[in-house]
Amino acid sequence: MSISVPEITLLDGLTVPVIGLGTYKLKGNDGVESIKTAIDDVGYRLLDSAYNYENEGTLGEAVRRSSVTREELRITSKLPGRFQEYDKAITTIQESLYRANLDYYDLYLIHWPNPITDRYVEAWHAMIEAKKRGYIRSIGVCNFLPVHLDRLESETGVKPSINQIELHPYFNQAEQREYHERNGIRTQSWSPLARANDILHDETIQQIAQHHSKTNSQIILRWHYQLGAIAIPKSASPERQHENISIFDFSLDQTEMNQISGLTRVDGRLNNQDPATYEEF
Ligand SMILES: NC(=O)C1=CN([C@@H]2O[C@H](COP(=O)(O)OP(=O)(O)OC[C@H]3O[C@@H](n4cnc5c(N)ncnc54)[C@H](OP(=O)(O)O)[C@@H]3O)[C@@H](O)[C@H]2O)C=CC1
Ligand SMILES: O=C(O)C(=O)[C@@H](O)[C@H](O)C(=O)CO
């Protein structure tokens, strides 16, 4: 049974579903099957990939085999740190398109700011040019702190439509989200289920889940939705894909939202990847 997902509008006018499919580690024939099922049978329309996941080809193949039109889908990829120089960034975006065999990406994001290398503004100029050339409909970033976002705007005059950040109940990113809201930038949540480890046994979440007759994953993903964040849970399994997207027939009250947000921890990041110092190439 396919689920119909509500949409929101980004600051540049692109509409996107409020929940999508993460695809990290979905590759090859199995990856194509999982992604095709997510589109055709479950109802996912927003699909997240990256040059560095080496699965843009898998995603493109799933899109071609699916019965949904290209216009209905929102396909994302990301620019790796090693290609942030202007010319390399343009060529990499072209390569991303060739790999997926697509004419355009709906969203393309700078994957990490890499502030020590300090080429992210140069990369942003290339993203602006790629959008002008029609390679990309909407440009955004991942893992940018307010200081990095401020520089993009002051040095280019163009704000990203989306900032995809680590966000889950153990790392609720309250200040970063508040900055996004003030600036019209949409928050997208990576590892929204905190990679489905301890969090699926969390007692607070379990109690809320029992109260609503839902699973822990559904409670967590509903929490993202009510925060105004676009979660992109990854699952290879059609059953879990369906579970994760079935969050539109109940709601959490403010006490429950606060209880879940209250689970955040100072050291809540999954892999200690602090964008102020972490660099990924
Ligand atoms: N921009 C960035 O820097 C980053 C972006 N990302 C993006 O975010 C996406 C999501 O993050 P990811 O790190 O994959 O982690 P998630 O929080 O989405 O968790 C994925 C894991 O949870 C399992 N899972 C999914 N749904 C359920 C469920 N209902 N019950 C039990 N287990 C479940 C999956 O297993 P199974 O497949 O077997 O169901 C998988 O092992 C990535 O796939 C990627 O697209 C991720 C990290 C960084
Ligand atoms: O998966 C991604 O998009 C990443 O940026 C990775 O760094 C991810 O966070 C990871 O797998 C780290 O081990």
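Counting alpha carbon pairs within less than 8 Å and at least 6 residues apart, what relative contact order, in whole percent, applies to the stretch 34-142?
On the way: 171 pairs, mean separation 28.4, N = 109.
Relative CO of the stretch 34-142 lands at 26 percent.
Given their separation in residues at 0.36 nm each and the Cα-Cα distance between them, GLU203 and VAL266 gain 20.7 nm when the chain is fully extended. Extension gain, PHE250 to THR15, is 82.3 nm, computed as 0.36 nm per intervening residue step minus the present C-alpha separation.
For the chain, what does -39500 (n - 2.57) per DSSP helix run (n ≥ 4), summed and divided by total residues, give at 222 nm, in deg cm²/dmol to the nearest 500?
Values: 10 runs with 107 residues, N = 281.
Counting only the DSSP helices, I get -11500 deg cm²/dmol.
For LYS131, neighbours were defined as the other residues whose beta-carbon sits under 13 Å from its Cβ, and their charges (Lys and Arg +1, Asp and Glu -1) total +1. For the chain, the relative contact order is 20 percent, taking Cα pairs closer than 8 Å that sit 6 or more residues apart in sequence and dividing their mean separation by the residue count. Think of the stretch 112-176 as having a plus end and a minus end, set by charges on the Cβ of Lys, Arg, Asp and Glu; of GLY157, ASN143, THR117, GLY157 sits farthest toward the positive end of this dipole. Largest first, the three principal axis extents of the alpha carbons in the stretch 62-118 are 44, 17, 14 Å in whole numbers.
Once Rh for the stretch 92-191 is found with the Kirkwood sum over Cα pairs, what is the Stokes-Einstein diffusion coefficient at 10 °C and 1.306 mPa s, in µm²/s? It would help to have the intermediate numbers written out before the result.
Values: Rh = 14.1 Å.
For the chosen part, D equals 113 µm²/s.
Please report the antiparallel percentage of the DSSP beta bridges confined to the stretch 1-128, to the nearest 5. Here the antiparallel bridges make up roughly 25 percent for the stretch 1-128.
State to the nearest 20 debye the size of the charge dipole of the chain about its Cα centre, where the only charges are +1 on K and R beta carbons and -1 on D and E beta carbons.
Numbers: 29 positive and 39 negative charges, 90 e Å.
Approximately 440 debye in magnitude.
Computed on the Cα trace of the chain, the radius of gyration divided by the Kirkwood hydrodynamic radius gives Rg/Rh = 0.95.
Seen from THR264, the other residues with C-beta closer than 13 Å to its C-beta sum to a net charge of -1, counting Lys and Arg as +1 and Asp and Glu as -1.
Projecting the Cα atoms of GLN173, THR264, ALA89 onto the charge dipole of the chain (Cβ charges, centred on the Cα centre) puts ALA89 farthest toward the positive pole. With the convex hull constructed from alpha-carbon coordinates only, the stretch 132-281 shows a mean projected area of 10.7 nm² over all directions.
Dipole check for the stretch 34-82: with +1 at the C-beta of Lys and Arg, -1 at the C-beta of Asp and Glu, and the Cα centre as origin, the magnitude is about 140 Debye.
Taking 0.36 nm per residue of separation and subtracting the Cα-Cα distance, full extension of the segment from GLN94 to GLN210 would add 37.0 nm. Note on the chain: Lys pairs 8 or more places apart or on different chains, Cα atoms under 22 Å apart, count 19. Note: relative contact order over the stretch 126-224, using C-alpha pairs below 8 Å and six or more positions apart, is 21 percent.
In debye, nearest 20, what is the charge dipole magnitude of the stretch 67-128 about its Cα centre with +1 on Lys and Arg Cβ and -1 on Asp and Glu Cβ, if you could check? Kindly include the intermediate steps, with their values, before the conclusion.
Working: 7 positive and 9 negative charges, 39 e Å.
So the dipole magnitude of the stretch 67-128 works out to roughly 180 debye.
For the stretch 200-220 versus the stretch 90-159, the inter-centroid distance based on Cα atoms is 37 Å.
None of the figures in this text is laboratory data; all of them are computed from the coordinates on show. Remember, it's a predicted structure, so these values are computed and weren't measured experimentally. Please note: Cβ atoms are built from the backbone with ideal geometry, for glycine as well, and neighbour counts cover all protein chains shown.
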